[in-house]
1. In a helix (DSSP H, G or I), within 24 Å of residue 101 (Cα to Cα) and either modelled with pLDDT of 70 or more or in contact with a strand residue (DSSP E or B) (Cβ under 6 Å, 6 or more places away or on another chain) (or both): does that describe residue 224?
2. Scan the stretch 312-332 and give yes if some residue there is open to solvent by 70 Å² or more (accessible area, probe 1.4 Å), closer than 19 Å to residue 371 by Cβ and either part of a loop (DSSP other than H, G, I, E, B) or among the β-branched types (Val, Ile, Thr) (or both), otherwise no.
3. Return a yes/no flag: does the stretch 345-354 have any residue that is closer than 20 Å to residue 258 by Cβ and modelled with pLDDT of 90 or more.
4. Is there any pair with a first residue in the stretch 318-344 that is closer than 12 Å to residue 305 by Cα and touching a residue at least 12 places away in the same chain (Cβ under 8 Å) and a second that is open to solvent by 20 Å² or more (accessible area, probe 1.4 Å) and in a strand (DSSP E or B) whose Cβ atoms are under 7 Å apart and which are 6 or more apart or on different chains, and what are they?
5. Please go through the stretch 238-255 and pick out each residue that is surrounded by 17 or more Cβ atoms within 10 Å (Cβ to Cβ) and either more than 28 Å from residue 151 (Cβ to Cβ) or of a type in the set (A, V, I, L, M, F, W, C) (or both).
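The values are calculated or read from the model by the stated rules, or taken from the named source; none is laboratory data. What you are looking at is a predicted structure, and each value in this text was computed from that prediction instead of being measured. Cβ sites come from the backbone with ideal geometry, for glycine too, and all protein chains shown count toward neighbours. With ligands, DNA and RNA removed, areas are computed over all heavy atoms of the protein, side chains included. Shrake-Rupley method; radii C 1.70, N 1.55, O 1.52, S 1.80 Å.
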Amino acid sequence: MNQAVTEYKKESKKFINRLLIASTFINLALTIIKYELGNWIGNVALQADALHSALDVLSSVIVFSAMFFSYIKSEKFPFGLYKLENIASSLVSLLIILTAFEIGYSLFEKHEVLHVSVFKQFITAGILFLIVVLMFLYSRYEKKIGIKYSSSGIVSDAEHIKSDLFSIFIIICSIIFSIYGLNIDKYVAIIIVIMILHSGFELFKNSILALLDINIDKKTIEDIRQEISQFDHVNEITSIKGRKSGRFMLLEIIAKFDIASFEDAHRLSNDIERRIYEKFPNVDNVIVHYEPIEKKIVKICIPQTKNEQISEDFSNSSSFLIIDYDLSRQKILNKYQKQNDFLELKEKKGIQIALFLVKEGVDIIVSTDHIVNSGPYFVFKTNNKKFYIVKETKIDSIDDLLKDISNKIYGKHTLEE
């Protein structure tokens, strides 16, 4: 795993743990404040809301526990328990939906403030309004951190706080309107209930989709595609698949490389993985599968004797006929002769010829089986070149020979190697 991912995990864990602990104590403080204020002015709705805040403490504990255990990796869970965060998020979203129904149910109940001075009601309303403002600012900050670290648990906790603020706001309206004999709070509450239900169902839907391994969003896929496209030799990105596990992503990428060497292709895959870890630190695991490009136009090399037949001795061939051939149309596009300029060499003649042909971009070498296990053979093999082994050195027809090569390649027959 990349160093950037490790640092990201440490940083996100620190921030998220602080927020969850803070949320737990905030909900505990709200429980006490609401209950005491409810007793002070004799407001049953406020006392009931205090019990609701007590449930929020449980909600914070659920999210915190899920986040704490989500980092555990074992032989049975090699990818970690990050989905515990999605499970916790779905539970919190259900609490949000229950909150909406609870507020809706309270609309049909009468909560009157009895034998309480107007001063006390104003003081209570003022304190609750201050709580609403502070909690709103805190929920915005918590949601910002949750989005930054892609934490569904933190985002759901922030949304839950917002839903609680709506219930407090209704109580404030109830207190203020009761002072002036107005009763429009129910109409305001209906709008708020709809907003809370929408928020809760959205969170629940996203949590369930994450548990069902829905693909990552299109924007993230496009951003990843843009990063991969910047690498040389990446000819095509076949697919990018990913799934969310808590706040982390697991990716599988298939790409086609314009590289012949297996070692170079493997090196490029590693470079792409490192880039993704650096640019997307919430990626916990990425696998890059690479495929060779299926060429439709290939270079075919025929080592020849002076009589323009196939040479049995590759290293001492008089010349090399190189043909650009369209496999799909079975048509010669271009052909040219290269003289063997290495004939005078006393050592590693065949290897030098093979290296020269590799630089020429040759894809297929036509030869007898004498080339097998020789120096040139291993040079070509290392560079992923193919061999078309013939038994007869006499060429009756170049076109027939090329068509036979084409049929074997296009017919998905494996060339002899």
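1. So residue 224 does not fit the description; no.
2. Yes, that holds for at least one residue.
3. Checked against the condition, which is being closer than 20 Å to residue 258 by Cβ and modelled with pLDDT of 90 or more, the stretch 345-354 yields no hits at all.
4. The qualifying pairs are 319/337; 319/338; 319/339; 320/338; 321/335; 321/337.
5. 240, 248, 249, 250, 251, 253, 255 - these are the residues of the stretch 238-255 that are surrounded by 17 or more Cβ atoms within 10 Å (Cβ to Cβ) and either more than 28 Å from residue 151 (Cβ to Cβ) or of a type in the set (A, V, I, L, M, F, W, C) (or both).
Every residue, every condition in (1) open to solvent by less than 50 Å² (accessible area, probe 1.4 Å); (2) touching a residue at least 40 places away in the same chain (Cβ under 8 Å), yes or no:
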{"residue": "269", "(1), (2)": "yes, no"}
{"residue": "272", "(1), (2)": "yes, yes"}
{"residue": "278", "(1), (2)": "no, yes"}
{"residue": "281", "(1), (2)": "yes, yes"}
{"residue": "287", "(1), (2)": "no, no"}
{"residue": "297", "(1), (2)": "no, no"}
{"residue": "302", "(1), (2)": "yes, yes"}
{"residue": "308", "(1), (2)": "no, yes"}
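Conditions (1) at pLDDT 70 or above; (2) within 25 Å of residue 279 (Cα to Cα); (3) open to solvent by less than 60 Å² (accessible area, probe 1.4 Å), marked per residue:
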| position | (1), (2), (3) |
| --- | --- |
| 16 | yes, yes, yes |
| 27 | yes, no, yes |
| 40 | yes, no, no |
| 44 | no, no, no |
| 52 | no, no, yes |
| 70 | no, yes, yes |
| 78 | no, yes, no |
